[in-house]
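Readers should treat all values here as calculations from the given coordinates under stated rules, not as data from a laboratory. Owing to the predicted nature of the structure, the values given are computational and were not obtained by experimental measurement. FYI the Cβ positions are ideal-geometry reconstructions off the backbone, even for glycines, and counts take in every protein chain you see.
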Amino acid sequence: MINEKARIIKSERLADQVFSTVFDSRIAEPAYPGQFVMVGTKSDSRLLRRPISICEADREKGTIRLVYRAVGYGTKELSEAKSGDSFDILGPIGTGFPLDAAQDKKQIILAGGGIGAPPLLQLARALRRTGIGKDSITAVLGYRSMKSGLFLNEEFSAEVNVILSTDDGSVGTRGTVVDALKERDLKPDIIYACGPLPMLKAVKDFAADSFIPAFISLEERMACGMGVCLGCMVKTAGRDSHSHVNNARICTEGPVFNAEEVVL
Amino acid sequence: MNPENINTTVNIAGVSFKNPVMNASGTFGSGMEYYEFVDLNRLGAVVTKGVAPEPWEGNPVPRITETPSGMLNAIGLQNPGIDVFTERDLGFLSEFNTNVIVNVCGHSEDEYLQVVERLSDDDRVNMLEINVSCPNVKKGGIAFGTDPKELQKITAAVKRKSLKPIIMKLSPNVTSIADMAKAAEAGGADAVSLINTLTGMKIDIYKRSFSLANKTGGLSGPAIRPVAVRMVYEASHAVGIPVIGMGGITSAEDAIEFIMAGASAVAVGMYNFHDPSAMIKIIDGIGDFLSENHIADINEIIGCVK
């Protein structure tokens, strides 16, 4: 794991409240799809770092890109920062999406609800690099509305098939990404998902009903990102390896879990 | 002054610490996860996360929320129980040249004693810290730590079972910390550590609910430091046994403040989350402070502010 002061080289707004920040970072080298970083604030009184998923890690350029919704103090501060500004970054953290699980699968679904989409972009690229064709991967991306703005959909389109949903039906299917999945009658062989908890529950149920594997990325309040504070727990079906009590650490055993192994 | 000629060794209850810096229980696991940032051999001690006779699930999430210059936590002492702990955590820690202080928790006096007995003749353990001050578990924990009579009673019970020196970890959620320190001393404690977290609450006004699932949590971080310094001062003047001070330490200067208030050693808690290398910087900074101020022995400044 790397703890560094990383410099911003590009910062932009993608949609309503959604921002993209690219850092010069050594974390690009070890980063794996689905991992995240802990970003510090510049405030002397906001001492906890913020967990933010890695949207892209470019090993050649040595850059990582974070795409996030600016909702609290830390993400707003990050969204307002300019090229040249530096932030304390710790990472890469956690267990990401298993690429092996997608091998030999004909219909691979990447389900991204709202600000859950960013880590799936790095996954899409990584899956393509393993030799999987574009036609075998479909990203189902859910947004609030056309008015609040779409983001990353064009970058996904360069890698994989894309279908869209919006809460108000202004673009694509009206409803959630799971509604879009059902409406198109796609028959997934595997689902990778990241998004709000109700959506992940729906993905978990859909996968269980379809007897297919699903890997879902979870989030929770956390203090350390190191696996020691035991703040970011998810209930697990079996005994966890760390505390032996049916709790897994989202920062360490996760954030990506096999859906059937967690209780949501 | 040449840093090599400076003594940073402190002695607590017959146990020698190469320097006065350790982690606060619960903020560092057993040190395993921090191996890339902290050489455990450099620490005065590693203080483990609290361990009970059986595994504890802890509280529902959210367990963590940020507050001004601090945080609230309500983890609920999730731990794997003494069997896994002795094999995995103590096995790991035995590889390092540092003191091992095991933090002990329980729902009842009997549960504390079960852990104490298990560790009493374990050579890998140097001291036991008895957690009678966790605000986040309903039974045990703070129940023993807010009544001087109860505290003295459990201290005496632990001392009867333990061959190891005993540190009683005190709660700040009391009227008189001096009375609590005296009760621990009267029960036979070899040292006291303080302060554990202050009970607090945060409300999410948009959700009209508590920020923590447990409703209340323990406040830690720099926000509590002045309270902690005051209590370390009061406790160290009330008892003859050593005091280990903690509460919002972020720097060598903060650590020195506690030492001057009367602490023989200090623990770093929440700041390990902010900066995983914090303890190493604090150890180096203490050396620099002593050197720059021509202090040959750290023991000269323990409790120097009367």
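Convert 25 °C to kelvin, take the viscosity as 0.890 mPa s, use the Kirkwood radius over C-alpha pairs of the range A:100-216 as Rh, and evaluate the Stokes-Einstein diffusion coefficient in µm²/s, rounded to a whole number.
D = 178 µm²/s.
Using helices alone, I'd like the mean residue ellipticity at 222 nm for chain A: each DSSP H run of four-plus residues gives -39500 (n - 2.57), total over residue count, nearest 500.
It comes out at -5000 deg cm²/dmol, rounded to the nearest 500.
When the Cα centres of the range A:59-90 and the range A:20-39 are compared, how far apart do they sit, in Å?
Their Cα centres are 10 Å away from one another.
Report the relative contact order of the range B:111-182, percent, no decimals, based on alpha-carbon pairs under 8 angstrom and at least 6 residues apart.
It rounds to 38 percent for the range B:111-182.
For residue B:263, enumerate residues with amide H under 5 Å from its amide H, sequence gap 5+ or separate chain, H modeled in the peptide plane.
B:303
Just want the answer: with Cβ charges of +1 for Lys and Arg and -1 for Asp and Glu, which residue in B:53, B:134, B:41 is farthest toward the dipole's positive end in the range B:8-157?
Projecting each Cα onto the dipole axis, the largest value belongs to B:134.
Before anything else, pin down the relative contact order of chain A: Cα pairs under 8 Å, at least 6 apart, normalised by residue count, whole percent.
Relative contact order of chain A: 17 percent.
Hey, got the dipole for the range A:218-264? About the Cα centre, +1 on K and R Cβ, -1 on D and E Cβ, debye to the nearest 20?
160
Please identify, among B:148, B:60, B:222, the residue showing maximal mean-square fluctuation in a Gaussian network model of chain B using a 10 angstrom Cα cutoff.
With Cα springs under 10 Å in chain B, the top fluctuation among B:148, B:60, B:222 is at B:60.
Which percent, to the nearest 5, of DSSP beta bridges fully inside chain B are antiparallel?
The antiparallel fraction comes to roughly 40 percent.
What do you get for Rg/Rh over the range A:2-93 if you use C-alpha atoms and the Kirkwood form of Rh?
0.92
Averaged across the residues of A:242-249, what count of C-beta atoms belonging to other chains lies within 10 Å of each residue's C-beta?
6
Within 14 Å, Cβ to Cβ, of residue A:102, how many net charges do the neighbouring residues add up to if Lys/Arg are +1 and Asp/Glu are -1?
Local charge sum for residue A:102: +1.
Do any of A:201/A:235; B:149/B:215; A:105/A:187 go past 21 Å between their Cα atoms, and which?
Where the Cα-Cα span goes over 21 Å, the pairs concerned are B:149/B:215.
Counting other Cβ atoms within 10 Å, which trypsin sites (Lys or Arg not before Pro) in the range B:90-176 have at most 15 and lie in a DSSP loop?
Within the range B:90-176, the qualifying trypsin sites (Lys or Arg not before Pro) (loop, at most 15 other Cβ atoms within 10 Å) are B:124, B:138, B:139.
First check a/c for the range A:218-264, with a ≥ b ≥ c the square roots of the eigenvalues of its C-alpha gyration tensor; if it is under 1.5, answer rounded, and if not, answer prolate when a/b is larger than b/c or oblate otherwise.
oblate
Quick check on the protein assembly as shown: of the DSSP beta bridges with both residues there, what percent are antiparallel, nearest 5%?
Percentage antiparallel, nearest 5: 50.
Go through B:243, B:200, B:232 and say which Cα lies farthest out towards the positive end of the charge dipole of the range B:189-267; charges sit on Cβ, +1 for Lys and Arg, -1 for Asp and Glu.
The Cα lying farthest towards the positive end belongs to B:200.
Work from the charge dipole of the range A:23-130 (Cβ charges, +1 for Lys and Arg, -1 for Asp and Glu, about the Cα centre) and give the residue of A:74, A:111, A:86 farthest towards its positive end.
Sorting the options by dipole projection puts first A:111.
What do you get when you divide the Cα radius of gyration of chain B by 2.2 N^0.38 Å, with N the number of residues?
0.93
Would you give the gap between the C-alpha center of the range A:241-264 and the C-alpha center of the range B:250-306, rounded to a whole Å?
What the calculation gives is 38 Å, centre to centre.
Among the GluC sites (Glu not before Pro) in the range B:24-101, which ones are in a DSSP loop with at most 14 other Cβ atoms within 10 Å of the Cβ? Mind listing them?
The qualifying sites are B:36, B:95.
What are the equivalent ellipsoid semi-axes of the range B:100-174, built from the alpha-carbon gyration tensor (square roots of five times its eigenvalues), in whole angstrom, biggest first?
Rounded to whole Å, the semi-axes are 20, 12, 11.
Relative contact order for the range A:218-264: what percent, with Cα pairs under 8 Å and sequence separation of 6 or more?
Averaging sequence separation for qualifying contacts and normalising by length gives 39 percent for the range A:218-264.
Under a point-charge model restricted to the Cβ atoms of Lys and Arg (+1) and Asp and Glu (-1), what is the dipole moment magnitude of the range A:143-233 relative to its Cα centre, in debye to the nearest 20?
Using Cβ point charges on Lys, Arg, Asp and Glu, the range A:143-233 gives about 200 debye.
Determine the dipole magnitude for the range A:2-93: charges of +1 sit on the beta-carbon of Lys and Arg, -1 on that of Asp and Glu, nothing else is charged, the reference point is the Cα centre, and the result goes in debye to the nearest 20.
Charge dipole, the range A:2-93, about its Cα centre: 120 debye, nearest 20.
Just tell me how shielded B:48-60 is by partners: mean number of partner chain Cβ atoms within 10 Å of each residue's Cβ, no decimals.
Mean inter-chain Cβ contacts per residue within 10 Å come to 3.
Counting only Cα, what are the radius of gyration and maximum Cα-Cα distance Dmax of the protein assembly as shown, in Å?
Reported Rg and Dmax, both Å: 25.3, 77.
Suppose each label sits 7 Å from its Cα in the direction of the beta carbon; what would the residue A:157-residue B:108 distance come out to in nanometres?
Result: 6.7 nm between the two label points.
Tell me the net charge near residue A:9. Cut-off is 13 Å between Cβ atoms, residue A:9 excluded, with +1 for each Lys or Arg and -1 for each Asp or Glu.
0
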